[in-house]
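Heads up, the thing below is written out as structure tokens.
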Amino acid sequence: MLWRDIYGILYKELCDGVFVQGKKLPTEAELSKRFAVNRHTVRRALSELQADGFIHTKRGSGTIVLSPPLTYSVNRKTRFSTHLEGSSQESEIRILHISTRIAINPEADILQLKNGSYIHHVEGLRLRDQRPLIYFSSLFPVSMAQNLPEHLNTGMTISKALAACGVDDYVRHRTRITARLATEVIASHLEINTGDPVLSVKSLNTLPDHTPMESGHSLMAGDRIALMVENDQN
């Protein structure tokens, strides 16, 4: 039996829920005995499963079953919470910092604000099953969502907090996706290693009349998110 065969069997079992997320996978010795192969063959299969984000092997702790990467659709109605609707997984937004200040350039230019206009600056984390997926930093014109900080401090999602401010219909105007390496600060937030790959997503959301209402920058753990860009302009 080749390592690809073992990979295929374990892949199917992971997708079918045979192994519980957060629990340990059988040891290399147990898998070697099960498949009647040497540990090197098993180790190669496990290495590929880890590269694909299904498991995480840590010396001294064994191999832990992870939640599969979240497919995050980028379209005109992108909302983080909708990606987990109908699933058994818990989503959470954790606000790290909120400030209200005067917009500086290029912030004012991006949001098409006059000099001296105020913005809310919101920084936080988006989590799935208590595991950080995304660090985000978003800017909102105070003129559109004056009470946004108060609503967010009650535990509302950003979408619900905006709706409470009267902003319940907005669309993604543009998205720029690049890759970079995690800094020490971002690695700490996402609970990954400094230098691990992250996806950098800069976005602009607008009202239906094309008035900018949010400028955002999200950094996503590279092994926990799969971005799908959808064309839904029609």
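Laboratory data are not the source of any read-out in this text; all were calculated from the coordinates shown. Worth saying up front: this structure is predicted, and the values here are computed from it rather than measured. Using ideal geometry, Cβ is built from the backbone for each residue, glycine included, and neighbour counts are taken over all protein chains shown.
Brief remarks on what is shown
- Shape category assigned to segment 90-189 from the gyration tensor of Cα positions, a/c cut at 1.5: oblate
- With the charge dipole of the chain set up from +1 on Lys and Arg Cβ and -1 on Asp and Glu Cβ about the Cα centre, the Cα lying farthest toward the positive end among the listed residues 187, 201, 18 is that of 18.
- Residue 98 versus residue 34: modelled label distance in nm, points set 7 Å from Cα along the beta carbon direction: 4.7 nm
- Once you divide the Cα radius of gyration of segment 3-65 by 2.2 N^0.38 Å, the number left is 0.99.
- Ignoring lysines fewer than eight residues from residue 58 along the same chain, the ones with Cα atoms less than 18 angstrom from its Cα are 23, 24.
- Neighbour counting of Cβ atoms within 10 Å sorts the residues 225, 119, 9, fewest neighbours leading, into 9, 225, 119.
- Of the residues 35, 138, 45, the one whose Cα sits farthest toward the positive end of the charge dipole of the chain, with +1 on the Cβ of Lys and Arg and -1 on the Cβ of Asp and Glu, is 35.
- Shape call, segment 29-168: gyration tensor on alpha carbons, a/c limit 1.5: prolate
- Taken over the chain, the percentage of Cα pairs per 10 Å bin, counting from 0 up to the bin with the maximum distance, is 7, 28, 30, 19, 10, 5, 1, 0.
- Nearest-0.05 FRET efficiency for residue 110 and residue 9, computed from C-beta distance (R0 45 Å): 0.35
- Sorted ascending by nearby beta carbons within 10 Å, beginning with the fewest, 144, 220 become 144, 220.
- Adding -39500 (n - 2.57) for every DSSP H run of four residues or longer, then dividing by how many residues the chain holds, sets the calculated 222 nm ellipticity at -6500 deg cm²/dmol.
- Straight-distance candidates among the aspartates and glutamates for linking to residue 202, with alpha-carbon spacing under 18 Å and chain neighbours fewer than 8 residues away dropped: 107, 109, 123, 214, 230.
- Fewest neighbouring Cβ atoms within 10 Å first, the residues 160, 24 line up as 24, 160.
- Positive-end residue of 125, 165, 147, charge dipole of the chain with Cβ unit charges: 125
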